[in-house]
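Undergrad: Quick one: structure below, then a few questions.
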Amino acid sequence: MKNLLTDIAGVRVGHADDAALGSGVTAVVFDAPVVAAIDVRGGGPGTREGALLDVANTVEKIDAIALAGGSAFGLDAGGGVQAWLAEHGRGFAVRGAIIPIVPGAIMFDLLNGGDKAWGRFPPYRDLAYTAAAAAATSFALGSVGAGLGATTANFKGGIGSASAATPGGVRVAALAVVNAVGTVTVGDGPWFWAAPFEIGGEYGGRGLPPSFTPDMLTARLKGGAAATAVENTTLAVVVTDAALTKLQAKRLAVIAQTGFARAIYPVHAPLDGDVLFAAATGEKPVDPLLGLTELGMLAANVVARAIARGVYTAAALPFPGALPSWKDRFG
């Protein structure tokens, strides 16, 4: 296992971004349609096809997921991924029509110093097409794709990923775009809130501080009192090779989103747009009660780890006043 979302067979990830823009797109492409659900906890979400993923609605499976910067402008990214899938004959069949099913979510990176004067149409559809075409089993972490323009309250954010397996061999993995209103580190130190779940020094191996001081527990919010409900979002995709129904995928998404609370302080605020997609490729049976609970526990852990890795692997943007990266400060 590579500690990536693509440790789940049949999953590929591609990035496309623009350095001058300071923004980009990440496409998660499935080789075959997968059962999927969504869980939204933040107060300012931006999503595409979210209603379709409701367990009461008809379509069970999706073909890809589009994650983008650009706030609401980035919702165009779903169309770019959809175009690439259509060219390859992928989609939901309605008599003679084939419709690629591409849910998506966006995060706010419009004030990070990049040039957002893109003219009549934003670039996210074209970036998304490029990301889908580039999707592979190996992909970069940090300041790439949808994570290029991501920030947190004190350090640069980015793309992170992690994976794990149950004792019975069922795999679960996560990819996160970390653009939180709060912090992923304890205060301004090198310690990550997700330290108890770290495996093999994947985000520095610094553990937790020897004690917690009041300033560490003070809310540090991006933009302070001037922050708005659309400036911040953490996005996550959790994929498992378990065989789940749409309702079970929803429960997996609900449990997995607790990983946000293990890695970000504070979280799920009116200032956040936190969204988590859960998908299942259907290869391995899992017990619907204890087995799903165990899988959800691991899913929450890999989400927390992916979020910490997103900050740990990020690089600062080359714009005046840009936030430092974790590695700029701590090596």
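Undergrad: Could you tell me what percent of the accessible area of the chain is made up of carbon and sulfur, with a 1.4 Å probe and every protein chain present? Numbers along the way, then the final one.
TA: On the way: 7230 of 12320 Å².
With neighbouring chains kept in place, the figure for the chain is 59 percent.
Undergrad: Amide H neighbours of residue 233 under 5 Å, at least 5 residues apart or on other chains, H built in the peptide plane: list them.
TA: For residue 233, the qualifying residues are 108, 179, 180, 181, 273.
Undergrad: Starting from 0 in steps of 10 Å, tell me what percent of the Cα-Cα pairs of region 270-331 lands in each bin.
TA: Distribution as computed: 16, 31, 28, 16, 8, 1 percent.
Undergrad: Over the chain, with a Gaussian network built from C-alpha contacts below 10 Å, which listed residue (130, 166, 47) shows the highest mean-square fluctuation?
TA: 166
Undergrad: If you build the convex hull over the alpha carbons only and average its shadow over all orientations, what do you get for the chain? Give it in nm² to one decimal.
TA: Numbers: hull surface 65.4 nm².
The orientation-averaged projected area of the Cα hull of the chain comes to 16.4 nm².
Undergrad: When the helices in the chain are scored as -39500 (n - 2.57) per DSSP H run of 4 or longer and the sum is shared across all residues, what 222 nm value do you end up with, to the nearest 500 deg cm²/dmol?
TA: Numbers: 6 runs with 66 residues, N = 331.
So the helix-based figure for the chain works out to -6000 deg cm²/dmol.
Undergrad: Find the accessible area per residue for region 6-129; the probe is 1.4 Å, ligands and nucleic acids are left out, and the unit is Å². If you can, show how the numbers build up before the last one.
TA: Values: 5060 Å² over 124 residues.
Accessible area per residue: 41 Å².
Undergrad: Another one. For every other residue with a beta carbon closer than 12 angstrom to the beta carbon of residue 36, add +1 if it is Lys or Arg and -1 if Asp or Glu, then tell me the sum.
TA: Values: positive: 61, 246, 250; negative: 39, 49, 54, 60, 63.
After counting each charged neighbour, the total is -2.
Undergrad: Taking the radius of gyration and the Kirkwood hydrodynamic radius from Cα positions alone, what is the Rg/Rh ratio for region 1-57, to two decimal places? Kindly include the intermediate steps, with their values, before the conclusion.
TA: Details: Rg = 14.6 Å, Rh = 14.2 Å.
With Rg and the Kirkwood Rh in hand, the quotient comes to 1.03.
Undergrad: Using every alpha carbon pair in region 88-235, what percent of pairs falls into each 5 Å bin from 0 up to the bin containing the largest distance?
TA: 2, 7, 12, 17, 17, 15, 12, 8, 5, 3, 1, 0, 0
Undergrad: Which lysines, on any chain, are close to residue 156 with Cα under 18 Å apart, when same-chain ones fewer than 8 places away are left out?
TA: Leaving aside lysines fewer than 8 places away in the same chain, those within reach of residue 156 are 222, 327.
Undergrad: A further question on this structure: Keeping every protein chain present and rolling a 1.4 Å probe, give me the accessible area per residue for region 179-297 in Å².
TA: 39 Å²
Undergrad: Something else about it: Report the full-extension gain for the segment residue 59 to residue 329: residue separation times 0.36 nm, less the Cα-Cα distance, to one decimal in nm.
TA: Numbers: separation 270, 0.36 × 270 = 97.20 nm, distance 4.68 nm.
Length gained between residue 59 and residue 329: 92.5 nm.
Undergrad: Another question about this same structure. Would you mind calculating the gained length between residue 120 and residue 297 on full extension (0.36 nm times residue separation, minus the Cα-Cα distance), in nm to one decimal?
TA: 59.2 nm
Undergrad: Of the candidates 147, 273, 79, which one comes out as most mobile in a Gaussian network treatment of the chain with C-alpha springs shorter than 10 Å?
TA: Evaluated over the chain, the most mobile residue of the options is 79.
Undergrad: For the chain, return all DSSP H helices satisfying: extent of Cα atoms along own axis at least 27 Å; mean Kyte-Doolittle hydropathy at least -1.0. Before the final figure, lay out each step's value.
TA: Details: long enough: 290-312 (33 Å, 1.04).
Going by DSSP H runs, the hits are 290-312.
Undergrad: Right, here's the next one. With just the Cα atoms defining each centre, how far is region 248-272 from region 301-331? Give it in Å.
TA: About 20 Å separates the Cα centre of region 248-272 from the one of region 301-331.
Undergrad: Can you run the Rg to Rh ratio on region 181-324? Use alpha carbon positions and the Kirkwood inverse-distance Rh. Don't jump to the answer; show the numbers that get you there.
TA: Details: Rg = 16.7 Å, Rh = 16.5 Å.
Across region 181-324, the Cα-based Rg/Rh ratio is 1.01.
The values are calculated or read from the model by the stated rules, or taken from the named source; none is laboratory data. What you are looking at is a predicted structure, and each value in this text was computed from that prediction instead of being measured. Note that each Cβ is placed from the backbone with ideal geometry, even for glycine, and that neighbours are counted across all protein chains shown. To get the accessible areas, we keep the full protein, side chains included, count just its heavy atoms, and leave off ligands, DNA and RNA. Shrake-Rupley method; radii C 1.70, N 1.55, O 1.52, S 1.80 Å.
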